[in-house]
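To start, the structure itself, in structure tokens.
The values are calculated or read from the model by the stated rules, or taken from the named source; none is laboratory data. Only a predicted model underlies this, so the values are computations on that prediction, with no experimental measurement involved. All Cβ positions, glycine included, derive from the backbone under ideal geometry; neighbour counts span all protein chains shown. To get the accessible areas, we keep the full protein, side chains included, count just its heavy atoms, and leave off ligands, DNA and RNA. Shrake-Rupley method; radii C 1.70, N 1.55, O 1.52, S 1.80 Å.
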Amino acid sequence: MQNDKHAVLWALLTVVFWSTASTAFKIALRDLSPIQLLWVASLTSTFVLMLSLIWQNKWSALKAQSTAELFRSLGLGILNPVAYYIVLFEAYSRLPAQMAQPLNYTWPLVLVFLSAIILKQQIHLKSYIALIVSFVGVVIIASKGSFSGFAGVDILGVILASGSALIWASFWLLNLRDKRDESVKLFMSFLAGSLVMTLIVFIHGDIRPMSFVGVGAGVYVGLFEMGFAFVFWQKAMQKATSTDKISNLVFLSPFLALIFIAQILNETILPSTFLGLVFIVGGIVIQKVRKVQI
């Protein structure tokens, strides 16, 4: 019981961190390019994850990795953080935060269908119903609730925000097949991603003076959207007697995010954004509901 209380506290702290992320993205992207933001954030999160490994005394597990596992980390690192966050940050640079954030939140459903394709798992009727419900939410948000269609909406931004969910789901599906310690896997992915991003920054020519506010927001993203958030969520999962006790808390995040977006970014939250988010989360909830045995 005590462990569950601690698990909920760690999970709630993580949810708060994730809820502020979309606001931090937009602040950073006022002064930084998506590539610059990811470079700063990935370097910061790699440092945090390294400290976490040292704190957990898992340095020996790090040194025990095989060459094949190192190459696997490179592949995973290219997916996350590199591909995932470049696509996501580009979406945020094109869309209001209140649109990009919920569109990215469709990844749990994408994960279900990817699992069916890759792991040959059966897809039940409720999964199709959940997909339709969430898709309605995506359309409501992307169209801003207008029957006239998507006039004035950055369609590429919508595609990128939704597509980032596919990259995220692909990363976690491939990550499941890797039997290494979770902390080691995460650190290695971000270390590989940071090295790749450093190379990209120099090749792309983005190594130029960056504003204090931009760098500060990038460091915040690295600390609280990536680094500490992953560490604290792992801690919550370890302490919980059942993951169901904390997994549903994640549903608070997109709604809390709208509060930060409205208060800090001064975006006027459209009714269509809230309604669409309800549909998206509703679809995910439908997918998670278990069949009741009578």
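THR268 satisfies every condition listed in (1) open to solvent by 40 Å² or more (accessible area, probe 1.4 Å); (2) under 29 Å from VAL133 (Cα atoms); (3) among the hydroxyl-bearing types (Ser, Thr, Tyr); (4) touching a residue at least 24 places away in the same chain (Cβ under 8 Å) except (4).
Scanning segment 130-182 for residues that are assigned to a helix (DSSP H, G or I), farther than 30 Å from ALA61 by Cα, open to solvent by 80 Å² or more (accessible area, probe 1.4 Å) and modelled with pLDDT under 85 gives ILE132, PHE135.
Considering segment 30-72, and only residues there that are in a loop (DSSP other than H, G, I, E, B) and among the polar types (S, T, N, Q), the residue that is nearest to ILE203 (Cα to Cα) turns out to be SER33.
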